[in-house]
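Enquirer: Okay, here's the structure, questions in a sec.
A short reminder: the numbers here are calculations on the coordinates, not readings from a lab. Note that the structure is predicted; figures quoted are calculated from it, not measured. Quick reminder, even Gly has a Cβ in these numbers, built from the backbone with ideal geometry, and neighbours come from all protein chains shown.
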Amino acid sequence: MTTFYVHRPLGEEVTAIGGSYQLTREVRLPFGEAGEEVLYLVGHALFDRTCCGTGGCGYALVQGVIERWRALESADGLPMTEVRPIVDETVQAELRRLITEREKVQQVNFRLAASG
């Protein structure tokens, strides 16, 4: 099953109730023996308006294995990439290890097949 990732502008701060977050980079990581690439995003979050304290973290959001790079456009004219979400826990563990070695992140999360 595949889904689409909509490429949103990088560097824009998104404000939430407890703070803000920002996506800073898109990365195409070669992975596996078949020459596939995995798309993940790097960002950081700041929690500065919460009732229980302040803090922040760096994170990576793995979108999945790239099937078709920027193949379509959204209704808003943004490019969309078709990806195959990674649900195998062994593969997720290996990617989590690789990404945390490459990036200064505290979390590596994986897109669920049904999420947008």
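Enquirer: Of these, Val65, Val42, Val91, which one is surrounded by 13 or more Cβ atoms within 10 Å (Cβ to Cβ), over 22 Å from Leu10 (Cβ atoms) and either among the β-branched types (Val, Ile, Thr) or more than 18 Å from the chain's Cα centre (by Cα) (or both)?
Expert: Among Val65, Val42, Val91, only Val91 is surrounded by 13 or more Cβ atoms within 10 Å (Cβ to Cβ), over 22 Å from Leu10 (Cβ atoms) and either among the β-branched types (Val, Ile, Thr) or more than 18 Å from the chain's Cα centre (by Cα) (or both).
Enquirer: Filter the range 78-99 down to the residues that are more than 15 Å from Leu61 (Cβ to Cβ) and basic (Lys, Arg) and list them by number.
Expert: Within the range 78-99, Arg84, Arg97 qualify.
Enquirer: Of everything in the range 19-31, what is surrounded by 15 or more Cβ atoms within 10 Å (Cβ to Cβ) and out of contact with any helix residue (DSSP H, G or I) (no Cβ under 9 Å at 6 or more places or on another chain)? Give them in sequence order.
Expert: Selection gives Gly19, Ser20, Tyr21, Leu23, Glu26.
Enquirer: Within the range 28-53, count every residue that is without any contact (Cβ under 8 Å) to a residue 24 or more places away in the chain and assigned to a strand (DSSP E or B).
Expert: Final tally of qualifying residues: 5.
Enquirer: Here's a follow-up. Being within 19 Å of Leu29 (Cβ to Cβ) and out of contact with any Cys (no Cβ under 9 Å at 6 or more places or on another chain): is that true of Glu101 here?
Expert: Criteria met by Glu101.
Enquirer: Return the residues of the range 65-116 that are under 27 Å from Leu46 (Cβ atoms) and in a strand (DSSP E or B); say none if nothing qualifies.
Expert: Listed by number, the residues that qualify are Gln107, Val108, Asn109, Phe110.
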